[in-house]
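Undergrad: My questions will all concern the structure given below.
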Amino acid sequence: MSEATPPEEVKKKGISRRGFVIGGAAGAAGIAAIYLLGKGGGGGGTAGCITTDLSDTEATLAVSNWPEYIDEDDGDYISTLTQFQQDSGLKVTYTPDVNDNIEFFSKVRNQLGSCQPTGRDLFVLTDWMAARMIDAGWIQQLDKANVPNLDKNLISSLQGVGWDPNREYSAPWQSGFSGIAYNKSLVGEVGSVSELLTRADLKGKVTMLTEMRDTMGLLLLADGANPADFTDDQWGTAIEKLSKARADGQIRAFTGNEYINDLAAGNIAACVAWSGDVAAAEDENLVFLPPEEGMMIWSDNMLVPVQGNHKANAEKWINNYYDPAVAAKLAAYVWYVCPVEGAQAEMEKIDPSLVDNPLIFPTADYLAQTHSFMALDEAKASSYEKDFADVTG
Amino acid sequence: MTALQRAFTGRSAYLLIAPAALWLGLFFLFPMLSLLTTSLSDPSGSPVYGYELTWRLQNYGEALADYWPYMVRSLFYAGIATAICLVLGFIIAYAIAFKAGRFKTIMLVLVIAPFFTSFLVRTLSWKLILADNGWVVETLKALHFMPDDGRLLATPVAVVAGLTYNFLPFMILPLYTSLEKIDPRLNEAAADLYANPAQRFAKVIWPLALPGVVGGTLLTFIPATGDYINASLLGSPNTQMVGNKIQALFTTAGDYPHAAALSVILMVLIVGMVLVYVRRAGTEDLL
């Protein structure tokens, strides 16, 4: 600022600095008042904000899913997505923009909480996050008449989940396992989570997932705790272990789906991984195996948000993917656990070598070594998530 | 009275200011208020059901106590990156301004050219360059500049290198504009008065380039301090900067109040440092 302005000059300018500041302050106070008044509501209470379904007039559908989670057109191979668009006449905007449940949640929570459209008609989230969103009233109920295949073909192990007993709000897209992957051109077999955390030849060459339930589930198992029912002390021990491995430089990063590129490139040698990713990478050096201590199982669910304008179209999509032939085709490509009964029989026609693959069609024996993560209430979840974020971030 | 002054009398002045005021109100004041209220809210709320404003000042103390190492690390990395940028940038800007001749335009375009691709893609390409099995690391190992189990990626070196690379143009451009304005005859006159090159630099070029130095360092240091892309793509959990922490608190931990408090602390800290810096540099008039 230059020298002080003499008073008469202020007058000449017509608008004094003081006047401007007062005006500005008044304006700011006004905005603040409006803001604070509007703040009371917060989230929840969105039951009344279900939009009119525009499916009759608009043949479009916007889907958000995780990366590497659907088959793609390749030469003569026509993907299930392209096939669906041809059969149904719908124009599908498919975006692989879900890389982490909480990250995605942060992306859409403001719109969902305040009844604004997110631009998506259907998205895919893991069980616990699906439960959280249904609980918050942000998800539309499916019209059972439109999704006959879902009731008919959903495998029994995924029926009757606690947070959506009759599958009225959700339909599993795929299930999968969280275990260990390693690059066999760089290191010998990595068979347990304890090895990941301590083996000297893996120092700085290990990544873990930012998904708390995957990473911490495996760490709890490594400690002999049960991820489905553990105490705060056991949690504390596991967090402590993770924190130490991080401080020692054993862990190079906490990631979402992108770990697979680093594993193939050799920047990391071993990691916590999702079962299908390794197979889909089609790199013979990459190996996925269930850790000795046991592995985690989860499923990702298709959900229609309250402000999704094309619910009937979304239901066509769901119904399509619950056709055993379509499901088998998808499973042959993504290598995740197929939630559709009858797909195993259809797989015979596509690729007989996959019919007995436990990563796609797990047997009861194989499922015996899997664990799921305990359901957490809101307060517990946020306290655990904070502990975990303090180590990972 | 000029036309402009006439236009600024009476009510019309408010009307003329209105668009800018509205813009600032909507996109600066409003988010700022939102940030401040969030930072003073009770952290026991949740992102789903909202937070209650309880004027909880402890958020600031807690954020500072828990996350000060990230703050220090950010300032440290950004400081080194800015210093390297200043040295490199000065040489490049000087070369463009005085030595480039007919290549001046081409060189300036080359400085700006990286902006035509996305910031993310450029940073990711550094991941390829510095990869554990990449040629840079292999060469350094072959020359014994690095132990056999050494690496660049996921180290502070990679983060600072990324910051330096990404913010270098912000240093070069202001330096160039300052240097370009210097009359070469001043330099010649100094030489005529028996000043040696070092003296000419210290007494003529540097003082005249100071506005560019101040502008360039601010444009580099401020965004570098708050940056989180470089640390998250090129670093490891042990090289996380304050931006990563804020991002993690918002997105992963869902702890909005502490994240907001940390953002406010960072902002106040930077504004404070900038004010001191600008005053010390004695160039208030130039900003």
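Undergrad: Classify the range B:84-286 from the C-alpha gyration tensor, please: rounded if a/c falls under 1.5, else prolate or oblate depending on whether a/b exceeds b/c.
TA: Cα axes put the range B:84-286 in the oblate bin.
Undergrad: Bins of 5 Å, beginning at zero and ending with the bin holding the largest distance: percent of Cα pairs per bin for the range B:173-220, please.
TA: The distribution over the range B:173-220 is 5, 24, 27, 21, 12, 8, 3, 1, given as percents.
Undergrad: Is there a simple number for the mean count of other chain Cβ atoms within 10 Å of the Cβ of residues in B:231-238, and what is it? Could you put the intermediate results ahead of the total?
TA: Working: counts 0, 4, 2, 0, 2, 8, 14, 7.
That works out to 5 on average.
Undergrad: Please work out how much length the chain gains when fully extended from B:Thr117 to B:Ile91, using 0.36 nm per residue of separation minus the C-alpha to C-alpha distance, in nm with one decimal. Mind showing how you got there, number by number?
TA: Values: separation 26, 0.36 × 26 = 9.36 nm, distance 2.46 nm.
Full extension from B:Thr117 to B:Ile91 adds 6.9 nm.
Undergrad: A further question follows. With a 10 Å cut-off between alpha carbons and a GNM built on chain B, which of B:Leu64, B:Leu234, B:Leu110 moves the most?
TA: Maximum fluctuation in the GNM of chain B, among the listed residues, is at B:Leu110.
Undergrad: Build a GNM of chain B with springs between Cα atoms under 10 Å: which of B:Leu53, B:Leu219, B:Leu179 gets the top mean-square fluctuation?
TA: Comparing B:Leu53, B:Leu219, B:Leu179 in a Gaussian network model of chain B, the most mobile one is B:Leu53.
Undergrad: Ok, one more. Apply the Kirkwood formula to the range A:297-393: the hydrodynamic radius equals the inverse of the mean of 1/r over all pairs of different alpha-carbon atoms; give it in Å with one decimal.
TA: Numbers: mean 1/r = 0.0614 Å⁻¹.
Radius from the Kirkwood sum: 16.3 Å.
Undergrad: With both bridge residues required to lie in chain A, what share of the DSSP beta bridges run antiparallel, to the nearest 5%?
TA: 65 percent
Undergrad: Next question. Just report the Cα centroid separation between the range A:260-289 and the range A:212-259, whole Å.
TA: After rounding, the separation between the Cα centres reads 20 Å.
Undergrad: Quick check: the distance between the Cα centres of the range B:202-229 and the range A:138-197, to the nearest angstrom?
TA: 52 Å
Undergrad: Restricting to bridges with both residues inside the protein assembly as shown, how much of the DSSP beta-bridge set is antiparallel, in percent to the nearest 5?
TA: In the protein assembly as shown, approximately 65 percent of DSSP beta bridges are antiparallel ones.
Undergrad: Let's see if you can work this out: charge +1 on each Lys and Arg Cβ, -1 on each Asp and Glu Cβ, no other charges. What is the dipole magnitude of the range A:45-132 about its Cα centre, in debye to the nearest 20?
TA: Taking the Cα centre of the range A:45-132 as origin, the dipole is about 640 debye.
Undergrad: Something else now. For the range A:51-168, count the residues as N, evaluate 2.2 N^0.38 Å, and divide the Cα radius of gyration by that value, please.
TA: Relative to the rule-of-thumb radius for its length, the range A:51-168 sits at 1.16.
Undergrad: In addition: Taking DSSP loops as anything outside H, G, I, E and B, show the longest stretch in chain B free of chymotrypsin sites (Phe, Trp or Tyr not before Pro) there with at most 10 other beta carbons within 10 Å.
TA: Free of exposed loop sites, the longest segment is B:195-287.
Undergrad: So what's the back-of-envelope 222 nm ellipticity for chain A, counting only DSSP H runs of four-plus at -39500 (n - 2.57) apiece and dividing by all residues, rounded to 500? Mind showing how you got there, number by number?
TA: Details: 16 runs with 162 residues, N = 393.
Per the formula, -12000 deg cm²/dmol.
Undergrad: Quantify how strongly other chains surround peptide A:384-393 by giving the mean number of their Cβ atoms within 10 Å of each of its Cβ atoms.
TA: 6
Undergrad: Calculated FRET efficiency, A:Gln159 and B:Ala281, Cβ-Cβ r, R0 56 Å, to nearest 0.05?
TA: After rounding, the FRET efficiency stands at 0.20.
Undergrad: If exposed means no more than 10 neighbouring beta carbons inside 10 Å and the site is in a DSSP loop, what's the longest run of chain A without any exposed GluC sites (Glu not before Pro)? Walk me through the numbers on the way to the answer.
TA: Values: sites that count: A:Glu3, A:Glu282, A:Glu284.
Counting at most 10 other Cβ atoms within 10 Å as exposed, the longest clean stretch of chain A is A:4-281.
Undergrad: If the reach is capped at under 16 angstrom between alpha carbons, list the aspartates and glutamates near A:Lys203, excluding any in the same chain fewer than eight residues apart.
TA: A:Glu189, A:Glu195, A:Asp248, A:Asp262, B:Asp132, B:Asp148, B:Asp149
Undergrad: May I ask you to derive the FRET efficiency for A:Asn166 and A:Asp73 from their Cβ-Cβ distance with R0 = 45 Å, giving the value to the nearest 0.05?
TA: 0.80
Undergrad: According to the square roots a ≥ b ≥ c of the eigenvalues of the Cα gyration tensor, what is the shape class of the range A:75-231, taking rounded for a/c under 1.5, prolate for a/b larger than b/c otherwise, and oblate for the remainder?
TA: prolate
Undergrad: Go through B:Ala259, B:Leu193, B:Gly226 and say which Cα lies farthest out towards the positive end of the charge dipole of the range B:84-286; charges sit on Cβ, +1 for Lys and Arg, -1 for Asp and Glu.
TA: B:Leu193
Undergrad: Grab the other residues whose beta carbon is less than 14 angstrom from that of A:Asp232, score K and R as +1, D and E as -1, and report the net.
TA: That works out to -4.
Undergrad: How large is the Rg to Rh ratio of the protein assembly as shown when both quantities use alpha carbon positions and Rh follows Kirkwood?
TA: 1.02
Undergrad: Next up: Can you run phi through the Karplus equation (6.51, -1.76, 1.60; θ = phi - 60°) for the range B:209-221 and list ³J(HN,Hα) in whole Hz, with x for Gly and Pro?
TA: In residue order, the calculated couplings are 8, 3, x, x, 5, 4, x, x, 5, 5, 5, 8, 5 Hz.
Undergrad: I would also like to ask the following. Using a 10 Å cut-off around each Cβ of peptide B:40-48, what is the average number of partner chain Cβ atoms that fall inside?
TA: 5
Undergrad: Same structure again: Compute the length gained on full extension between A:Lys244 and A:Asp135: take 0.36 nm times their separation in residues and subtract their Cα-Cα distance, giving the result in nm to one decimal.
TA: Result: 35.7 nm gained on full extension.
Undergrad: Determine the gain in length on full extension of the stretch B:Ala18-B:Leu210; use 0.36 nm per residue of separation and subtract their C-alpha separation, reporting nm with one decimal. All intermediate terms of the calculation are to be shown ahead of the outcome.
TA: Working: separation 192, 0.36 × 192 = 69.12 nm, distance 3.54 nm.
Extra length available between B:Ala18 and B:Leu210 comes to 65.6 nm.
Undergrad: Would you please give the residues with an amide H less than 5 Å from that of A:Ile251, counting only those at least 5 places away or on a separate chain, with H modeled from the backbone geometry?
TA: A:Gly204, A:Arg246
Undergrad: Name every cysteine in the protein assembly as shown that ends up alone, with no second cysteine's Cβ under 4.7 Å, or say none.
TA: By the Cβ distance rule, which asks for a partner under 4.7 Å, the isolated cysteines are A:Cys271, A:Cys338, B:Cys85.
Undergrad: For the pair B:His144 and B:Asp183, how long in nm is the line joining their label points, each one 7 Å along Cα→Cβ?
TA: My value for the distance between the label points is 5.7 nm.
Undergrad: Right, something else. Using the Cα atoms as the points, what is the convex hull volume per residue of chain A in Å³?
TA: It comes to 222 Å³ per residue, whole-number rounded.
Undergrad: Which whole-number percent is the relative contact order of chain A (Cα, under 8 Å, 6+ apart)?
TA: Value for chain A: 24 percent.
Undergrad: Just to be sure I understand: with springs between alpha-carbon atoms less than 10 Å apart, which residue in B:Leu266, B:Leu275, B:Leu75 has the highest mean-square fluctuation in the Gaussian network model of chain B?
TA: Taking springs between Cα atoms under 10 Å, the residue moving most is B:Leu275.
No lab work stands behind these numbers, since they all come straight from the coordinates. All values derive from a computational prediction rather than experimental measurement. For neighbour counting, all protein chains shown are included, and Cβ atoms are generated from backbone atoms with ideal geometry for every residue, glycine included.
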